[in-house]
There are 2 protein chains.
Amino acid sequence: MVADNIRRRKWQQNPDAVKNNILETATAIFAKDGFSGARMDDIARQTETSKRMVYYYFTDKKQLYITVLEAAYAKVRAAENELNLEGYPAGEALIRLIGFTFDYHRNHPDFVRLIQIENIHQARHLATSDIISAVNLSAIAALERLIKRGSEAGEFHSNNDALELHWLITSSCVFNITNRASFQQLYGANLFTDDGQDRLKKLIISSIMQTVLA
Amino acid sequence: MVADNIRRRKWQQNPDAVKNNILETATAIFAKDGFSGARMDDIARQTETSKRMVYYYFTDKKQLYITVLEAAYAKVRAAENELNLEGYPAGEALIRLIGFTFDYHRNHPDFVRLIQIENIHQARHLATSDIISAVNLSAIAALERLIKRGSEAGEFHSNNDALELHWLITSSCVFNITNRASFQQLYGANLFTDDGQDRLKKLIISSIMQTVLA
DNA sequence: TGACAAATTAACTAAATAGTACATTTTAAG
DNA sequence: CTTAAAATGTACTATTTAGTTAATTTGTCA
């Protein structure tokens with residue numbers, strides 16, 4: 001009604017902030033509830049904007065989800081670039097890499113859960129994303145160079161395989177997040193205090209290093 | 001139930017078979033689509049009976065899901081009992097345990113995915129199940145005895161912690177299944193052929209054994 | 001200033017989905 | 001042979017949920 005447009009609040013346009021706000025909210029909710037479990041209405045409600053805006057910028061649920069996934073991967077790449085593995089002797093570099101991987105996963109549980117959700121859906125969406133492939137392949141390439149360096153210096157034995165090693169490192173770091181709920185439920189929280197996490201980190205590092213060293 | 005190439009006017013009661021059939025179907029579908037993603041209609045359709053029966057025996061979706069989870073855990077317990085770890089020297093027993101864990105997860109991907117789904121939902125349902133706690137605590141107890149035996153025999157060093165070790169073993173074995181889709185998508189199938197899986201199994205065993213041995 | 005596009009609001013719809021009502025058939029006990 | 005309870009079939013409903021329509025406000029630029 002024209003008569004009560006006085007009562008309407010005024011608002012300012014701020015597309016970027018709105019988009020970001022939606023993305024962040026959606027990330028949290030997808031990570032918490034999974035793709036099917038997440039409700040567009042929940043996302044919209046927790047946003048500072050409206051449901052209509054979610055669709056306006058992200059088309060539909062699937063698109064929103066894919067955008068969330070890609071944004072999460074983009075962050076990893078940024079973090080990895082700061083590692084500077086080349087600046088250390090191979091053995092030390094590997095220790096740093098394992099530690100970094102452990103910490104990164106620990107500090108970004110939403111990211112890890114998103115991947116988990118993606119796996120439950122047979123990684124269908126991942127399949128279509130170039131951004132995501134790129135991030136991961138560059139991680140393997142870096143590890144390959146590291147192994148080569150370590151072998152040539154006589155620090156590492158000569159049979160290390162980059163992909164297998166990546167698998168081994170990643171498995172514990174991912175599991176540490178993905179299965180925390182069930183682990184805690186069954187065995188208590190001891191492993192997930194700061195102290196417990198330090199012990200686990202050391203355990204992984206020692207276990208992997210002994211496998212790699214000459 | 002009855003194969004009906006003839007129009008079936010009569011039917012036979014077979015409660016147990018019907019229940020089992022529903023459970024097996026539901027297990028597969030929950031494992032494939034997650035709790036929220038699974039559709040009761042899908043489950044009913046893939047069953048040899050009707051939707052009505054699903055609700056008749058299992059009340060609602062949640063109850064059905066919990067029953068599926070518990071049945072999966074009950075199977076693990078049965079398998080574990082056949083391991084007979086006490087019959088071997090500690091080192092050899094541990095190698096067998098790791099190998100068994102790897103193989104069991106590999107051969108029961110649905111089981112692993114169910115746990116994963118449960119974790120996405122913060123292990124809420126797991127919390128309410130006594131059956132499931134029991135299975136897991138007994139696994140830790142067995143490992144504790146094994147470590148004690150190994151330490152006393154001088155095979156293992158003296159600082160091994162059962163829970164940490166269980167965590168380390170489980171992490172790789174679980175990850176091997178849960179993240180297969182994304183791993184394969186990104187790096188190809190090499191690690192998941194029979195040959196690749198053998199290599200990974202050996203890798204885990206060697207990596208863990210070096211950590212545990214004196 | 002005015003007109004046109006981009007951004008936003010509020011209310012609505014069509015489809016999907018968990019769950020139910022009720023009738024019918026089978027089984028087993030007396 | 002009856003009868004009641006257990007098991008099953010058929011068809012339906014209420015609710016949830018992704019997605020839309022249409023009107024309104026704000027920003028931009030000639």
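The values are calculated or read from the model by the stated rules, or taken from the named source; none is laboratory data. Just so it is clear, the model here is predicted, and its values are computed rather than measured. No Cβ is skipped: glycine too gets one built from the backbone with ideal geometry, and neighbour counts run over all protein chains shown. Ligands, DNA and RNA are excluded from the accessible area calculation, which covers all protein heavy atoms including side chains. Shrake-Rupley method; radii C 1.70, N 1.55, O 1.52, S 1.80 Å.
Considering each of A:L163, A:L186 in turn, give the residue that is open to solvent by 10 Å² or more (accessible area, probe 1.4 Å), within 7 Å of chain B (Cβ to nearest Cβ), in a helix (DSSP H, G or I) and within 20 Å of B:G196 (Cα to Cα).
When all the criteria are applied, what remains is A:L163.
Based on what the data block shows, is B:F192 at pLDDT below 95 and within 16 Å of A:L165 (Cα to Cα)?
No; evaluated as a whole, the condition is false for this residue.
Hey, could you check region B:28-59 for residues that are within 13 Å of DNA strand D (Cβ to nearest atom) and of a type in the set (D, E, K, R) and say which is farthest from the other protein chains (Cβ to nearest Cβ)?
Taking the candidates together, the pick is B:E48.
Filter region A:55-97 for residues that are within 16 Å of DNA strand C (Cβ to nearest atom) and of a type in the set (A, V, I, L, M, F, W, C) and give the result.
A:F58, A:L64
Going through region A:166-181 one residue at a time, which ones are free of Cβ contacts under 8 Å to residues at least 12 places away in the same chain, in a helix (DSSP H, G or I) and surrounded by 21 or more Cβ atoms within 10 Å (Cβ to Cβ)? Break it down into steps so the answer makes sense when it comes.
So the first thing to find is which residues in region A:166-181 are free of Cβ contacts under 8 Å to residues at least 12 places away in the same chain, and the list is A:167, A:171, A:175, A:179, A:181.
Right, trim to in a helix (DSSP H, G or I) and you get A:167, A:171, A:175, A:181.
Within region A:166-181, A:W167, A:S171, A:F175 meet the criteria.
Return a yes/no flag: does region A:146-162 have any residue that is within 20 Å of the chain's Cα centre (by Cα) and hydrophobic (A, V, I, L, M, F, W, C).
Looking for residues that are within 20 Å of the chain's Cα centre (by Cα) and hydrophobic (A, V, I, L, M, F, W, C), one finds none in region A:146-162, hence no.
In region B:75-160, which helices (runs of 4 or more DSSP H) lie fully inside it and hold 1 or more residues that are surrounded by fewer than 14 Cβ atoms within 10 Å (Cβ to Cβ) and away from chain A (no Cβ under 14 Å)?
Here the list reads B:90-107, B:130-152.
Would you point out which residue out of B:T59, B:T47, B:T67, B:T128 is at positive phi and among the hydroxyl-bearing types (S, T, Y)? Before you say what the answer is, go through the steps one by one.
On the way: B:T47 fails: at positive phi; B:T67 fails: at positive phi; B:T128 fails: at positive phi.
Answer to the check: B:T59.
For residues that are within 18 Å of B:M209 (Cβ to Cβ) and without any contact (Cβ under 8 Å) to a residue 12 or more places away in the chain, tally how many sit in region A:183-214.
The total comes to 5.
Could you check region A:201-214 and list, in sequence order, the residues that are over 20 Å from A:R113 (Cα atoms) and either outside any helix (DSSP H, G or I) or out of contact with any His (no Cβ under 8 Å at 6 or more places or on another chain) (or both)?
Hits for region A:201-214 are A:K202, A:L203, A:I204, A:I205, A:S206, A:S207, A:I208, A:M209, A:Q210, A:T211, A:L213, A:A214.
Can you name the residue in region A:34-49 that is of a type in the set (V, I, T) and at pLDDT 90 or above and is also farthest from DNA strand C (Cβ to nearest atom) among such residues? It would help to see each step written out before you state the result.
Here is the first cut: in region A:34-49, the ones of a type in the set (V, I, T) are A:43, A:47, A:49.
Among the residues that remain, those that are also at pLDDT 90 or above are: A:43, A:47.
Numbers: A:I43: 14, A:T47: 9 Å.
The selected residue is A:I43.
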